[in-house]
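Please treat every number below as a calculation from the coordinates, not as lab data. As the structure is a prediction and not an experimental result, all values here were calculated from the model. Ideal geometry is used to build each Cβ from the backbone, glycine not excepted, and the neighbour counts take in all protein chains shown.
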Amino acid sequence: MSILSITISCGRMNPMNTIKRLTLTIAALVAVACVSVPGVRAETTSPDGLADGGILIGKADAPITIIEYASMTCPHCAHFATETLPKLKAAWLDTGKARLFFREFPFDQPALLASKLVRCGGPARSEGFIEVLFREQRTWATGTDPRPFLAQIGKLGGIGQEQFDACMADQALAQAIVQTRLEGAQKYGIDSTPTFIINGEKAKGGAMTFEEFDKLLSAIKPGG
């Protein structure tokens, strides 16, 4: 499957014209650019044997493993990221009871470009870029070319224009992200996002609520 075979999203880009949203974006990305995020890195040791483990959120030695397959332009993924993930982090990830591997499953070209920005930001900034991109999704993801907005986000997060251009042109990185999608489809039958794998078992699809996660995770016995 070639990169060009991914469906390209169409529509007009919504301009970033709300001062409140711009302020929130700047504040979040200033923090991303200046502060290393503990417990977040591109994991080289895959939890399930696939080539790319994904972006680790939480503690590497947590006993429960959650794998999330998500597309950066998926509204349900954005809902999970903004509404459910903060609660999941507080109760399970930050406490060391579970860890989450974020894996890209781009459905269109804007999602692929956004995923490249997340990767080019480096391990310490990955989670911050994911958070901002999902929160501002309706602003950048509806246009035919999201690169001007992504360049703004990259600049605020410490990525200059030259580095951003190189990132967007990196075909090896694009192929690696597409390969992550292909492996997810082959190993787990992923065909929609978000989809979650919990300790090797495919869970209910869609943006699960915190209550659903809490019930599932609480039912896992030690070593299970």
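For the listed peptides 136-148, 157-169, a ranking on the average number of other beta carbons within 10 Å per residue, highest first, reads 136-148, 157-169. Looking at segment 19-218 alone, DSSP beta bridges between its own residues are antiparallel in about 65 percent of cases.
Between PHE105 and ALA70, SER71, MET72, the built amide H atoms are under 5 Å apart, and every one of these is 5 or more places off in sequence or on another chain. Give the residues of segment 91-105 whose amide nitrogen is closer than 20 Å to a point set 7 Å from the Cα of SER192 in the direction of its Cβ. So the set is 103-105.
Can you compute the charge dipole magnitude of segment 19-218 about its Cα centre, using +1 on each Lys and Arg Cβ and -1 on each Asp and Glu Cβ, nothing else charged? Give it in debye, rounded to the nearest 20.
Numbers: 21 positive and 22 negative charges, 75 e Å.
Result for segment 19-218 is approximately 360 debye, rounded to the nearest 20.
Find how many whole Å separate the alpha carbon centroid of segment 125-182 from the alpha carbon centroid of segment 80-98. First find each Cα centre; the distance between them is then 24 Å.
Pairs of lysines in segment 19-218 whose Cα atoms sit within less than 25 Å of one another amount to 28, provided the residues are eight or more positions apart or on different chains. Ranked by the mean number of other Cβ atoms within 10 Å of their residues, highest first, the peptides 105-118, 72-85 fall in the order 105-118, 72-85.
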